[in-house]
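Here the structure is laid out as structure tokens; the discussion comes afterwards.
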Amino acid sequence: MSRTQSDIRNNVKVGFQEPKQYHVVFHNDDFTTMEFVVSVLKIVFRKSQADAEAIMMKVHKEGKAIAGTYSFDIAVSKANKATRMAREKNYPLKLTVEEA
């Protein structure tokens with residue numbers, strides 16, 4: 001017995017999965033200025049002044065904070081850009097990319 005195209009179309013199951021998400025995490029250090037962290041959060045992570053200051057204070061008080069959650073490639077790209085900016089200013093700012 002032959003199958004029609006509509007039979008085949010109805011039996012096809014397409015499995016789409018959302019891509020894994022990753023957090024970009026800022027870590028506290030004793031040398032990177034608060035002002036610089038706020039500027040990086042605004043420039044690289046497109047945070048508002050208030051959000052950037054809140055994240056910076058969380059990093060300062062708790063030792064680390066999530067700057068954003070993205071697909072892997074975007075998370076790594078943003079972490080690398082922020083790290084390059086820090087190194088240009090001789091700051092030891094540490095960022096990590098962690099699975100959400």
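The values are calculated or read from the model by the stated rules, or taken from the named source; none is laboratory data. All of these numbers come straight from a predicted model, not from anything done at the bench. Positions of Cβ are generated from backbone atoms using ideal geometry, with glycine treated the same way; all protein chains shown enter the neighbour counts. We work out accessible area using only protein heavy atoms, side chains counted, and drop any ligands, DNA or RNA first. Shrake-Rupley method; radii C 1.70, N 1.55, O 1.52, S 1.80 Å.
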Inset, instruction - Mind telling me which of Phe31, Phe45, Phe72 comes out most flexible in a GNM of the chain, alpha-carbon contacts under 10 Å? - result: Phe31
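Sort Lys61, Lys78 by accessible area with a 1.4 Å probe, largest first.
Working: Lys61 155, Lys78 40 Å².
Of Lys61, Lys78, the descending order of accessible area is Lys61, Lys78.
Could you give the length gained on full extension between His27 and Gln49, defined as 0.36 nm per residue of separation minus the Cα-Cα distance, in nm? Kindly include the intermediate steps, with their values, before the conclusion.
Working: separation 22, 0.36 × 22 = 7.92 nm, distance 1.92 nm.
Length gained between His27 and Gln49: 6.0 nm.
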Legend entry - Estimated 222 nm signal from helices in the chain, with DSSP H stretches of n ≥ 4 weighted -39500 (n - 2.57), rounded to 500: -15000 deg cm²/dmol
Legend entry - 0 to 90° range, to nearest 10: angle between helix 72-88 axis and the chain longest Cα axis: 20 degrees
Inset, instruction - Compute the distance in nm between two label points, each set 7 Å from the Cα along the Cα-to-Cβ direction, one at Glu88 and one at Ile74. - result: 2.3 nm
Inset, instruction - Treating cross-link reach as a plain straight distance, find the lysines whose alpha-carbon is under 23 Å from the alpha-carbon of Lys47, omitting any fewer than eight places away in the same chain. - result: Lys20, Lys58, Lys61, Lys64, Lys78, Lys81, Lys89, Lys94
Legend entry - Helix 34-43 vs. the chain, principal-axis angle (Cα, 0 to 90°, nearest 10): 30 degrees
Legend entry - Sequence-distant residues sharing a close amide H with Lys94 (under 5 Å, placed H): His27
